[in-house]
Amino acid sequence: MKFDYNIEVNSFLNKIYEHKVYEIAYENNLYNIDAKVLKDRFDLLKNTKIYLGSDMHEFIVNLIPKDKDGYYFRCEIANYHNYSVPRIYDYKGEPIKNTNYNRYGVQLWESHMNELLIEDIESKFNQADFIYFIDNNLLSIVDKINDYIKSRRDKEKIVIKFEDKNEILDIVKSLILNGSLDLSYAEFLIDMDKLRDEMIKFSTPFHMYNEFDKLEDDTLYCLDNFCKYNSLDLFDALINEKGFKFINGVGLVKE
């Protein structure tokens, strides 16, 4: 497969600008809107300053074609920058059985080509082109914006199902232990001062190992011994402090 590197870089930039539109729309709750309403939000989107930070590097790398196409795409990056290319396919596109390049060497080359691609994209990424993208594409991606926001909301939605309020503490503990709730919820449940006091009694060197390390390493022990809520208090705390809503027949829900 042949690639025109400059065209591909511009294509990547457009996909990044499109993703930025999705993120801005999500942050401003522009959900379930039609083209007519969205048109009134052009200025909001265009006046939002955008940046290409390191958080987008994985997004860029994931845009690179996979397998053989990915190899040929990186060959174009190498040719553009006058770098050598490891020969792992012959002129027919078949894998070379006795290549001089080992797997580790090829992985290093791929990683370096990824970095060059990111640098090229960063050098061309700018606010003016983002605005140009919005002017020419926004109305055609309204459905994609709505789909993105719905999908992201669904992923971030937390549901704590229960039939009896007295079960809530045990249910939340199990959700933390199986990874359905992140460790911040364990910190919310735990009396960290009491945990720290116990560790002091055992002369724990806090410059090397603190109560947060203990919570991560021995979560079940900490939940069983230092929880500051009973089930009924936890029900109120999740609503008042964590933004959950009680839905009858469902449980506690956080959008």
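The values are calculated or read from the model by the stated rules, or taken from the named source; none is laboratory data. All figures in this text were calculated on a predicted structure; none of them were measured in a lab. Methodologically, a virtual Cβ is constructed for each residue, glycine included, from the backbone with ideal geometry; neighbour enumeration extends over all protein chains shown. Remember, those area values only see protein heavy atoms, side chains included, never the ligands or the DNA or RNA. Shrake-Rupley method; radii C 1.70, N 1.55, O 1.52, S 1.80 Å.
Carbon and sulfur together cover what percent of the accessible area of region 158-254 at a 1.4 Å probe radius? All intermediate terms of the calculation are to be shown ahead of the outcome.
Numbers: 2730 of 5810 Å².
The value for region 158-254 is 47 percent carbon and sulfur by accessible area.
Dividing the summed -39500 (n - 2.57) terms of all DSSP H runs of n ≥ 4 by the residue count of the chain sets its mean residue ellipticity at 222 nm at -18500 deg cm²/dmol. In the neighborhood of residue 15, defined by Cβ-to-Cβ distances under 14 Å, what is the net charge if each Lys or Arg adds +1 and each Asp or Glu adds -1? Combined, the nearby Lys, Arg, Asp and Glu give -2.
Please compute the per residue accessible area over the chain with all protein chains in place, 1.4 Å probe, rounded to a whole number of Å². Walk me through the numbers on the way to the answer.
Details: 15870 Å² over 255 residues.
Spelled out: the 1.4 Å probe surface of the chain, per residue, equals 62 Å².
Taking the charge dipole of region 24-98 about its Cα centre, with +1 at Lys and Arg Cβ atoms and -1 at Asp and Glu Cβ atoms, the residue from 70, 26, 50 reaching farthest to the positive side is 70.
In the list [x] 22.3; [y] 19.7; [z] 23.1, the label attached to Kirkwood radius over Cα pairs in Å as derived from the coordinates here is [z]. In a reduced charge model with +1 at each Lys and Arg Cβ and -1 at each Asp and Glu Cβ, the chain shows a dipole moment near 760 debye about its Cα centre.
Computed over protein heavy atoms with a 1.4 Å probe, the carbon and sulfur contribution to the accessible area of region 5-154 reaches 46%.
Could you check the simple spin-label distance between residue 89 and residue 193, using points 7 Å along Cα→Cβ, in nm with one decimal? Calculated label separation equals 6.4 nm. Simple rule: put +1 on each Lys or Arg Cβ and -1 on each Asp or Glu Cβ in the chain, find the dipole, and look at 226, 141, 60; the Cα lying farthest toward the positive end is 141. In this structure, the amide hydrogen of residue 89, modeled 1.01 Å from its nitrogen in the peptide plane, lies closer than 5 angstrom to those of 96, counting only residues at least 5 positions away or on a different chain.
Rounded to the nearest 20 Debye, what is the dipole magnitude of region 145-255 about its Cα centre when Lys and Arg each give +1 and Asp and Glu each give -1 at the C-beta? Before the final figure, lay out each step's value.
Details: 16 positive and 23 negative charges, 99 e Å.
Here the size comes out at about 480 debye.
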